[in-house]
1. Would you be able to tell me the number of residues in segment 50-80 that are in contact with a Gly (Cβ under 8 Å, 6 or more places away or on another chain), in a helix (DSSP H, G or I) and among the hydrophobic types (A, V, I, L, M, F, W, C)?
2. Of the residues V186, V180, which single one is buried (at least 20 other Cβ atoms within 10 Å of the Cβ), hydrophobic (A, V, I, L, M, F, W, C), at pLDDT below 80 and within 23 Å of F314 (Cα to Cα)?
3. Write out, first by first residue and then by second, each pair whose Cβ atoms fall under 8 Å of each other, whose residues are 6+ apart or on separate chains, and whose first residue, in segment 296-308, is closer than 19 Å to F117 by Cβ while the second is acidic (D, E).
4. Would you be able to tell me the number of residues in segment 247-295 that are free of Cβ contacts under 8 Å to residues at least 24 places away in the same chain, more than 20 Å from Q319 (Cα to Cα) and surrounded by fewer than 18 Cβ atoms within 10 Å (Cβ to Cβ)?
5. Go through the residues of segment 148-162 one by one and say whether even a single one is over 17 Å from L308 (Cβ atoms), out of contact with any Gly (no Cβ under 7 Å at 6 or more places or on another chain), exposed (fewer than 14 other Cβ atoms within 10 Å of the Cβ) and among the acidic types (D, E).
6. I need the helices (runs of 4 or more DSSP H) fully contained in segment 250-365, keeping only those with at least 3 residues that are more than 25 Å from S124 (Cβ to Cβ) and modelled with pLDDT of 95 or more.
7. Is segment 83-99 home to any residue that is part of a helix (DSSP H, G or I), in contact with a Pro (Cβ under 9 Å, 6 or more places away or on another chain) and of a type in the set (V, I, T)?
8. May I ask you to say which residue of L107, L73, L121, L80 is in contact with a Ser or Thr (Cβ under 9 Å, 6 or more places away or on another chain), in contact (Cβ under 8 Å) with a residue 60 or more places away in the chain and surrounded by 14 or more Cβ atoms within 10 Å (Cβ to Cβ)?
Amino acid sequence: MDLPFFFLLLVLLTIGLVMMFSASYPYAYYNMNGDSYYFIRNQAMFAVLGVIIMVAVSYFDYHHLHKFAIPILIVTYLLLVAMLVLRGTQLVPNIKGAYRWFYIGPLNFQPSEVAKFALILIFSHLISLNFEKMGTFRYGVLPYVLILGSIALLVVMEKHMSATLIILMLGVMMMFIGGVKWRWFVFAVIGLGLAALYLLVFTDVFSYAMDRVYGWLSPFDPPEGVDTWQTRQSLMTIGSGGLLGLGLGQSRQKYLYLPEPQNDFIFAIVCEELGFIGALIIIILFAMLVWRGIVVSLKAKDKFGMLLGVGLTFQIGLQVILNIMVVTNTIPNTGISLPFFSYGGTSLIMLLAEMGVVLSISRNSSIEKL
């Protein structure tokens, strides 16, 4: 097991838990009957369980995932179709205009999280089997465009724009490193782009997406009916932190000014309490994690391990970049979590399990063990 990657994970997870508690306790106190420890208690339990699962998965031979690639893809399709069929019910409620969450008893999860892993796995599986034929349209483009397009279509119908964007970018990246010829690669990107444009213009997703765009362009003077309170408060939260921050636990904006600060906008609280320097250190830690994960993956002894590891690591880096861009209003608010920091038990377990796969790859790589 690659110890630098493992310790970077633990450091980020620990910092994430501390910041999640700091960001969440006022909101928990006012919304959970005075229980300030509600969110951190749940997140800590899921974190411990996730680390156990991660270590266990790291001992699992990742080559066995070959035979699970197609079954996991089928389950993903079933979950995404079920989201559309059941949306508006108690199982798939409307939350802020979108249908992203599947509620089963006390548990809830986003099928789009499963879809990301399924996409990386099936692409790694197919590319490794047909690597010598990746220069052809039949084996190098067609199956990947069909899979990527269909998954993105189902996710965008949930009005989950951030997940759709991540899935499309992951798919394009996997095709690129898989060796698709440039002309097929360009045609595939153009085709997917046109399909996405059609969905935005000719479905009810368009008005939802445009509201986000209008709010992004004019956060302090939005059109009537467009809510930009969270974005405005996020920018003020970041600005109040300055260079060195107000100090750990000293945020003012988390006192019900910034909505649900323990979720997607937790990085704003990081900036307020730890300042520019603290936020920069955390970004550097994420960059080191992604760099180490890619180094480990590129040293894998087989094409499947390389593709799988790079895909899972790239997903982390992509989510971090997009989350920070949303929090700073660089791109429209699409609702994307910050890995290891944002509240969410099932997503944290899923993320740590995926990192366990990367650690499994490191056990079978040619990289020097420390």
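The values are calculated or read from the model by the stated rules, or taken from the named source; none is laboratory data. The shown structure was predicted, so the numbers you read here are calculated from the model rather than taken from an experiment. For neighbour counting, all protein chains shown are included, and Cβ atoms are generated from backbone atoms with ideal geometry for every residue, glycine included.
1. Qualifying residue count, segment 50-80: 5.
2. On the way: V186 fails: buried (at least 20 other Cβ atoms within 10 Å of the Cβ).
Result of the check over V186, V180: V180.
3. V296/D2
4. Looking only at that region, the number is 2.
5. no
6. By residue number, 266-298.
7. Initial filter on segment 83-99 (part of a helix (DSSP H, G or I)): 83-86.
If we keep only those that are in contact with a Pro (Cβ under 9 Å, 6 or more places away or on another chain) too, we end up with 83.
Now drop any that are not of a type in the set (V, I, T), which leaves none.
No: zero hits.
8. The unique qualifying residue is L80.
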